[in-house]
Amino acid sequence: MYAQAFFVAVFGLAAIGFGVVVFRTSSMVRSALALLFSQTAVGCMFLAMQTEFLGVLQIMMMATEMSIMAIFMVMFMMDPGGMGGMDMTHQKRFSIGAGVVAAGVAIVVAFWADWGPVTAEAPDAAMQTRALGMELLGRSMLIFETAGITILTAMIAATAVAIPVQTTANSADKEDTE
Amino acid sequence: MNFAVVLVALLGSVWLLAVIEGWTTTGRLRLTATLLSGLAYLGRESIVPRTPDRVFFETAPVLLLIVAVLGAAVLPLAPTLVIADLATGALFINAALAYVLVALIMAGWGPNGAYAMIGGWRFLGQLIAYAMLIVMPITAVAMRAESLVTTVIVVSQDGLWNIVYQPLGFVLFFIAAMALAFRAPFDLPTAPGELGGGVDAEYTGVRLAVLRLARLTLVITLASATTVFYLGGWHGPLLPPWAWSLIKTLAVAVSMLLAGRYLPRIREADLMRWCWILGIPLALLNIIVVGLLVLVVP
């Protein structure tokens, strides 16, 4: 019990620490990977709380997602390496205020909410995976399938928008350059 | 105890693979040459490029080695010879190997060099090509075993290995594993012929030694995964289970080596095109076929 609390705390602090690094560095790649390791630490917290499937899934998903985010940040930011000394933050007072208020609300909710009785013993990892599978393919199937189709539609739409429209004029240009 | 045995087996396999690689390249079988050249790296100057991202530069080779060993931690050599027999083993190996990408991006970005950086980002494109062909065939393997536990997956192949039960999945996984381990013909991140070593380009001395060791360990881990998922793991006559696991793993690793030797390097755009247009539909077909087999054949 104490060991579990200790590891949850350590990974929690690591998550916050990496979260701070995200905003303290000017390098876009560093920032993206710090966010990745912050999320990995959250995955490790899941593992420490004996929710193996969720922990492993979180650790796996974030690696690819944050790496792809890193390349987009490098493509679109003016000083991706952070070596030009550019200040890329803005609305500092407002964001500090918003951050402090949000943190305060989160702490108040964490302490005042009725979390219900604490589970004495978590079911073993294989049972959890099975129960999760049954939930995803049973009661929650419609919600997840709807979300999946919506995301797929958005992806196809975004790709379609990104492809340049072929008109007679620019297709002739293209043939010339080729 | 298991940890020490698996680690020694991993190191031994890496050494044997390096010896075989040297043998096929030079035509001479020299058992100590690999060890000597490994030691020579330690004595060489380890140069740090100008204005590097020092954290990334130093972390990347070690991270690559750690993820390769973590991947091997859930793969059994024998029924009880596994470091961690996790309930989500087949998912965990995906999670560990996802960080190969992170390590290569770090190794590419860290040294502040053009060739290395192109090599690192290229691997991101490569991941978009191969990722689904790793996950979908493993899904079909887990469907047959009705479990994500790697030891249960091996037990499910008693009598009929998955290479026979789902040959399509095996072919896709084998190709994707070669791309994940960035072996030729998918060695775009290092591409010695055009990028001067890519992510390897700026590494020297002991750091390069760790990077090379990590890369060979990754090949062994993926060969071991292929053995566990498709070649019946420890199953085999006469010899003890661990011996079969090692023999099969080495055979897969050597076949990856030989396949790479005789195939031309593939452009990343072509790799992505083929993986998405042909690979993913085939992987879906494999899932459907395995699903039907699981339901119809008792």
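Just the residues that are closer than 28 Å to B:ILE83 by Cα and surrounded by 14 or more Cβ atoms within 10 Å (Cβ to Cβ), please, taken from the stretch B:22-37.
Of everything in the stretch B:22-37, just one residue is closer than 28 Å to B:ILE83 by Cα and surrounded by 14 or more Cβ atoms within 10 Å (Cβ to Cβ), namely B:THR34.
Give the number of residues within the stretch B:77-98 that are outside any loop (DSSP other than H, G, I, E, B), within 11 Å of B:LEU148 (Cβ to Cβ) and either touching a residue at least 60 places away in the same chain (Cβ under 8 Å) or among the hydroxyl-bearing types (Ser, Thr, Tyr) (or both). Full working, then the answer.
Filtering the stretch B:77-98 down to residues outside any loop (DSSP other than H, G, I, E, B) leaves B:78, B:81, B:89-98.
In the following step, the residues that additionally are within 11 Å of B:LEU148 (Cβ to Cβ) were identified as B:89-94.
Right, trim to either touching a residue at least 60 places away in the same chain (Cβ under 8 Å) or among the hydroxyl-bearing types (Ser, Thr, Tyr) (or both) and you get B:89-90, B:93.
Total meeting the criteria: 3.
For the stretch B:47-75, which residues satisfy the criterion of being within 13 Å of chain A (Cβ to nearest Cβ), assigned to a helix (DSSP H, G or I) and either within 20 Å of A:PRO80 (Cα to Cα) or β-branched (Val, Ile, Thr) (or both)?
B:ARG54, B:VAL55, B:PHE56, B:PHE57, B:THR59, B:ALA60, B:ILE66, B:VAL67
Tell me which residues, restricted to the stretch A:44-78, are in contact with a Ser or Thr (Cβ under 7 Å, 6 or more places away or on another chain) and more than 30 Å from B:LEU70 (Cβ to Cβ).
Passing the criteria: none in range.
For the stretch A:103-114, does any single residue satisfy the condition of being closer than 29 Å to B:ALA142 by Cα and surrounded by 10 or more Cβ atoms within 10 Å (Cβ to Cβ)?
Scanning the stretch A:103-114 turns up no residue that is closer than 29 Å to B:ALA142 by Cα and surrounded by 10 or more Cβ atoms within 10 Å (Cβ to Cβ).
Name every residue in the stretch B:104-119 that is within 10 Å of chain A (Cβ to nearest Cβ) and either in a helix (DSSP H, G or I) or surrounded by fewer than 24 Cβ atoms within 10 Å (Cβ to Cβ) (or both), in order of residue number.
B:LEU104, B:ILE105, B:MET106, B:GLY108, B:TRP109, B:ASN112, B:MET117 - these are the residues of the stretch B:104-119 that are within 10 Å of chain A (Cβ to nearest Cβ) and either in a helix (DSSP H, G or I) or surrounded by fewer than 24 Cβ atoms within 10 Å (Cβ to Cβ) (or both).
Can you confirm whether B:LEU65 is touching a helix residue (DSSP H, G or I) at 6+ places or on another chain (Cβ under 9 Å) and touching a residue at least 40 places away in the same chain (Cβ under 8 Å)?
yes
For B:LEU160, indicate whether it is away from chain A (no Cβ under 12 Å) and in a loop (DSSP other than H, G, I, E, B).
Criteria met by B:LEU160.
Criterion first (within 14 Å of chain B (Cβ to nearest Cβ), free of Cβ contacts under 8 Å to residues at least 60 places away in the same chain, on the phi < 0 side of the Ramachandran plot and surrounded by 10 or more Cβ atoms within 10 Å (Cβ to Cβ)) does A:MET155 satisfy it?
In short, yes.
Quick check on the stretch A:41-79: of everything there that is under 22 Å from B:PHE123 (Cα atoms), within 11 Å of chain B (Cβ to nearest Cβ) and not aliphatic (A, V, I, L, M), which residue is surrounded by the most Cβ atoms within 10 Å (Cβ to Cβ)?
Filtering first and then ranking leaves A:SER67.
So in the stretch A:80-109, with the set limited to residues that are of a type outside the set (Gly, Ala, Ser) and within 14 Å of chain B (Cβ to nearest Cβ), which one is nearest to the chain's Cα centre (by Cα)?
A:PRO80
Quick one: which helices (runs of 4 or more DSSP H) sit completely within the stretch B:181-289 and have at least 3 residues that are modelled with pLDDT of 90 or more?
Result: B:205-230, B:241-261, B:268-274.
Of the residues that make up the stretch B:33-44, is at least one polar (S, T, N, Q) and not in a loop (DSSP other than H, G, I, E, B)? Steps first, answer last, please.
Residues of the stretch B:33-44 that are polar (S, T, N, Q), as a first pass: B:34, B:37.
Next, only the ones that are not in a loop (DSSP other than H, G, I, E, B) stay: B:34, B:37.
Yes: one or more hits.
Suppose we filter A:SER38, A:SER31 for residues that are more than 9 Å from chain B (Cβ to nearest Cβ), touching a Phe, Trp or Tyr at 6+ places or on another chain (Cβ under 6 Å), of a type in the set (S, T, N, Q) and buried (at least 20 other Cβ atoms within 10 Å of the Cβ); which single one remains?
Going through A:SER38, A:SER31 in turn, the sole match is A:SER38.
Of the residues B:LEU293, B:LEU238, which single one is out of contact with any Cys (no Cβ under 6 Å at 6 or more places or on another chain), without any contact (Cβ under 8 Å) to a residue 40 or more places away in the chain and surrounded by fewer than 18 Cβ atoms within 10 Å (Cβ to Cβ)?
One residue alone meets the criteria, B:LEU238.
Pick out the one residue from B:ALA95, B:ALA177, B:ALA84, B:ALA142 that is crowded, with 24+ Cβ neighbours inside 10 Å and more than 9 Å from chain A (Cβ to nearest Cβ).
Of the residues listed, the single one that is crowded, with 24+ Cβ neighbours inside 10 Å and more than 9 Å from chain A (Cβ to nearest Cβ) is B:ALA177.
Does B:LEU101 qualify as being touching a residue at least 24 places away in the same chain (Cβ under 8 Å), at the interface with chain A (Cβ under 7 Å from one of its Cβ atoms) and either farther than 19 Å from B:ARG273 by Cα or acidic (Asp, Glu) (or both)?
Yes, satisfied.
The values are calculated or read from the model by the stated rules, or taken from the named source; none is laboratory data. Since we're looking at a predicted model, the values are computed, not measured. Neighbour counts run over all protein chains shown; Cβ positions are idealised from the backbone, glycine included.
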